[in-house]
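Please treat every number below as a calculation from the coordinates, not as lab data. Predicted model only: the values in this text are computed from it and were never measured. Neighbour counts run over all protein chains shown; Cβ positions are idealised from the backbone, glycine included.
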Amino acid sequence: MEAAGSNRRNARLPPEVNRAVYVRNLPFNISSEEMFDIFGKYGALRQVRIGNTKETRGTAYVVYEDIYDAKNAVDHLSGFNVANRYLICLYYNPQRMNKRQQNDLAKKQQEIKDLQERYGVDGQSDKL
């Protein structure tokens, strides 16, 4: 049994693999306990964070103690059916998340600029 574990540890992983897994298409009413049951089968979990805002509902981050357990979970749980929804499991990618945040920020800034132009406000506080 030890030899199989050491072979697994020597295997090269693709660069995108990490311990944090981003999960989409979750049922909105899934509980933390259900998440631990589903994802805990593939290894020790450090953390599970389920989205609870309008924008993050149906998503979660699952962080494993071991990178190989995270890879095993992504390999086995992508497309897994939970309450008639097929899970989408991806490795957490900070560059992709930062790009999304920058796009959201640019949209918000444009909305503010449009509102300022519509209502004749320059965005600077008036001094009395």
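Taking Gln95 as meeting all but one of (1) surrounded by 10 or more Cβ atoms within 10 Å (Cβ to Cβ); (2) within 18 Å of Pro14 (Cα to Cα), write down the number of the exception.
All conditions pass for Gln95, except number (1).
Among the listed residues Tyr42, Tyr61, which satisfies the condition of being surrounded by 18 or more Cβ atoms within 10 Å (Cβ to Cβ), under 20 Å from Pro14 (Cβ atoms) and among the hydroxyl-bearing types (Ser, Thr, Tyr)?
It is Tyr42.
Every residue, every condition in (1) among the acidic types (Asp, Glu); (2) in contact with a helix residue (DSSP H, G or I) (Cβ under 9 Å, 6 or more places away or on another chain); (3) closer than 27 Å to Asp104 by Cα, yes or no:
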| residue | (1), (2), (3) |
| --- | --- |
| Met35 | no, no, no |
| Tyr42 | no, yes, no |
| Arg46 | no, no, no |
| Thr56 | no, no, yes |
| Glu65 | yes, no, no |
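Every residue in the stretch 53-75 that is touching a residue at least 24 places away in the same chain (Cβ under 8 Å) and in contact with a Cys (Cβ under 9 Å, 6 or more places away or on another chain), please.
Val62, Ala73, Val74
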